[in-house]
Amino acid sequence: MFVPRRQAENAYAVAGTLRTNNAAASLRRHASRQTRLIALQCRRVSAIPGKNDPSPPAAIPGAPGQGSQAGAAGRWLAGASLHTSRRLERLAGYFSPRLRRPLPAVGGNDLRLLINGNEAYSAMLAAILSARQSVDVEMYIWRADAIGQRFADLLKAKAREGVRVRILYDSFGSLNTPRTFWRDLQSAGVAVEEFNPVARWRRRNPATFCNRLRLLNHRDHRKILVIDGQIGFTGGLNIGDEYVGDAADPHHWRDTCIEIRGPAVARLAMLFERQWHRATGAKRLTLPTPPQPPPVGHQWAIVLDSRPLRTNHIQRAIVAAVRRARRQIEVTMAYFSPPPRLARALRRAARRGVEVTILLPSQSDVRAIYYAGRSHYAALLRAGVRIFECQRTVLHAKSIQIDGLWSTVGSYNLDLRSFRLNDEVSVLALGREFAGQMHQAFLADLSRSTRVTADQWRRRPWIQRFRERFYRLFRWWL
């Protein structure tokens, strides 16, 4: 029987749509399995009275909480009800149907929020001092100033004691650090590698002419410190004197770091191993698997990473959580020029009644991205987003807190460079306890900030409008 061509094409299209929908449904069921597991573990809880909680917190099965930690055991979802666990499942359910291998959440961690260089550097130096087997450092900027020399001296002393010390620094970020600084470390037994050298003659695998510009833009923006595979640090802090102090003046910046103890550290160690493998050019079929640290706490975390031309787990997690937010979104960001998807998600969240508050710098070390980011203010203010600018010092923190349950701290900026060009890392924390710490730090920052109103923004001078529009043209390369 003869079938007209248009009817045949329609039949093929319908059959293809049905196959696509069935495959997407299957992948969606597979991708949400991990989040359902988290929710089920939240629902099957036994009450352990907390010392300071008016209602009994939920204890996660298998999470340590004996002895002195019994009062805080399971407080990551204090009083976890069916409603709360479902909200958490919505926020954590960033797993796209196109991701065949969702990243798992890891429980049994102890997460500690570190504010500014005084807290972060003290904790880092103390952890390095306690190292017995290995110290791995991956840093974008490492300056040869007072704090940089202090870290270097301690690492050299540890290398002389027989501890394996490895340093991976970004060539462009640490461009002003003299070569003698690295040679002194190497002479003390520290293994030092340069990621993607700017100087062509120092590259292990010289690129062709067409790939040179792409390689020059590919930077390792991560800040990772792993000690003995048991303690991990990441966040926005580089190693330099500008991060020292408590953000009291423009010469001492405001930044945030997170300390991790527990099974999630293994993911940080694996990210360092992979990056070290790429930088050294070692021809190894399989990378060594870092040992899994034992559970030491009760908090859940996911260590996310992103690389150019790869699935950007960090951006997907942030966009999905913003779309699912119901109550509040608190963003603290150093460099803000969001991709269209994220900017649209923030505006839509504000329009549906979510309290969206964004804290941005009033002064920046990168003026181009500063003005490109301010070009988004008008659209965000029209949608009802509250915008504050940090005063007194340079804001360099990168953190987000949503609905008192979902938090992230890392090196990832909400700009197109982090989205497309840089290697980044971020820790996603699930639970009320860490989100409460993030909220308190956010309120403290707002007390030292000024709000940008719509009327004030409409009256800004024309030269500022020109700079915003001009630098926005180059936002894909900033």
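Each value in this text was obtained by applying a stated rule to the coordinates, not by laboratory testing. Given the structure is predicted, the values throughout are model-derived calculations rather than measurements. FYI the Cβ positions are ideal-geometry reconstructions off the backbone, even for glycines, and counts take in every protein chain you see.
Summary table below
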item	result
Antiparallel %, DSSP beta bridges [both residues in the range 107-472], to 5	60 percent
Added length on full extension, which subtracts the Cα-Cα distance from 0.36 nm per residue, Gln133 to Ser362	78.1 nm
Length released on extending from Arg459 to Arg112, taking residue separation times 0.36 nm less the Cα-Cα span	120.7 nm
Relative contact order (percent, whole number), the range 360-444, Cα cutoff 8 Å, 6+ residue spacing	25 percent
Estimated inter-spin distance, Arg344 and Arg448, nm [label 7 Å along Cα→Cβ]	3.7 nm
Percent RCO, i.e. relative contact order, over the range 107-472, from Cα pairs under 8 Å lying at least 6 residues apart	20 percent
Cα principal axis extents for the range 107-472, largest first, Å	61, 50, 40
Reachable aspartates and glutamates from Lys158, criterion Cα separation under 19 angstrom, eight or more residues apart if same chain	Asp136, Glu138, Asp184, Glu193, Asp228
Exposure proxy ranking, count of Cβ atoms within 10 Å, fewest first, for Thr393, Thr453	Thr453, Thr393
Length added when fully stretched, Ala191-Gln328, from 0.36 nm per residue minus Cα-Cα	44.8 nm
Point-charge dipole on Cβ atoms (K/R +1, D/E -1) for the range 107-472, about Cα centre, debye to 20	1880 debye
